[in-house]
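Written below as structure tokens is the structure these notes are about.
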Amino acid sequence: MNKDPLILIIDDEPQILRALKTILTARHFQVEMASTGEEGIALAAATLPQVIILDLTLPDMDGIKVCEEIRSWSKVPIIILSVRDGEVDKVAALDKGADDYLTKPFGIEELLARIRVALRHSQQTIGNLSSIVRVGGLSIDLVNYSVTQNGEAIHLTATEFKLLAYLASNADKVLTHRSILIHVWGDADADHIEYLRVFIGNLRKKLETDPDQPAVICTEPGIGYRFITGE
């Protein structure tokens with residue numbers, strides 16, 4: 001049985017499909033391809049890929065709608081690959097369930113790195129997520145609600161820990177301001193970005209070597225934050 005990870009590419013540009021298939025098969029991935037949103041949704045259901053690479057501009061429907069449809073029944077990681085580089089498009093796609101976003105033209109090595117991260121997320125959704133997240137000397141125990149830095153306990157408030165746990169449990173994934181605010185504070189505070197900035201600043205002071213140059217809790221300008229593991 002072929003154990004190579006399956007990647008579904010949904011894009012209407014033939015040259016992109018050909019190039020990605022050549023690159024990915026050479027690196028021992030299986031590849032399925034679709035050139036419309038409807039075909040992509042059907043293939044996603046039929047083949048159950050480990051990662052989906054999705055263009056936002058498709059001939060029959062918007063890629064954000066495709067993302068929303070797939071996310072309604074699947075947790076498969078979705079990487080958006082699009083010429084649309086505006087913050088509005090990125091936030092909309094991420095809020096509808098996309099895991100990451102790359103703008104065309106893109107670097108192959110960067111895409112491969114994003115795919116590796118997405119595959120880790122894919123494995124986590126089937127039960128392999130550890131209760132402890134480690135980054136350098138930082139250790140976050142998601143079950144016992146404890147945080148240590150080089151073996152020393154770090155005191156966090158309940159809200160600070162809830163925020164950190166949400167970031168860490170979605171490590172290396174872009175999380176929008178809105179998704180974080182809803183998860184940590186609730187729907188009523190979904191637009192209160194000032195709350196988030198204050199608490200992110202507090203976490204950085206407690207956890208980062210240099211809070212002004214964060215290496216773990218990193219800002220995605222205009223979009224949200226990403227917890228970096230460095231893997």
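The values are calculated or read from the model by the stated rules, or taken from the named source; none is laboratory data. Quick caveat: nothing in here was measured; it's all calculated off a predicted structure. Here the Cβ positions follow ideal geometry from the backbone for every residue, glycine too, while neighbour counts run over all protein chains shown.
Values computed for the structure shown
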item: Those residues of the stretch 82-95 which are surrounded by fewer than 23 Cβ atoms within 10 Å (Cβ to Cβ) and within 19 Å of I115 (Cα to Cα), in sequence order; result: S82, V83
item: Residue that is among the hydrophobic types (A, V, I, L, M, F, W, C), touching a residue at least 60 places away in the same chain (Cβ under 8 Å) and in contact with a strand residue (DSSP E or B) (Cβ under 8 Å, 6 or more places away or on another chain), where the choices are L167, L156, L203, L142; result: L167
item: Residues (farther than 15 Å from I79 by Cα and among the acidic types (D, E)) located in the stretch 1-31; result: D4, D12, E13
item: Enumeration of residues in the stretch 99-111 that are surrounded by fewer than 19 Cβ atoms within 10 Å (Cβ to Cβ) and assigned to a loop (DSSP other than H, G, I, E, B); result: K104, P105, F106, G107
item: Positions within the stretch 3-43 being aliphatic (A, V, I, L, M) and out of contact with any strand residue (DSSP E or B) (no Cβ under 6 Å at 6 or more places or on another chain), in sequence order; result: I16, A19, I23, A26, I41, A42
item: Lone unmet requirement of (1) more than 24 Å from S74 (Cβ to Cβ); (2) in contact (Cβ under 8 Å) with a residue 24 or more places away in the chain for V117; result: (1)
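Each row is one residue, and each column tells you yes or no for (1) modelled with pLDDT of 95 or more; (2) closer than 22 Å to D85 by Cβ; (3) in contact with a Leu (Cβ under 8 Å, 6 or more places away or on another chain); (4) assigned by TED's automatic domain parsing to the domain that holds E87.
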residue: H28; (1), (2), (3), (4): no, no, no, yes
residue: A34; (1), (2), (3), (4): yes, no, yes, yes
residue: A46; (1), (2), (3), (4): no, no, no, yes
residue: P49; (1), (2), (3), (4): no, no, yes, yes
residue: T57; (1), (2), (3), (4): no, yes, no, yes
residue: K65; (1), (2), (3), (4): no, yes, no, yes
residue: W73; (1), (2), (3), (4): no, no, no, yes
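Residues checked against (1) surrounded by 14 or more Cβ atoms within 10 Å (Cβ to Cβ); (2) modelled with pLDDT under 90:
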{"residue": "G97", "(1), (2)": "yes, yes"}
{"residue": "A118", "(1), (2)": "yes, yes"}
{"residue": "S130", "(1), (2)": "no, yes"}
{"residue": "L138", "(1), (2)": "yes, no"}
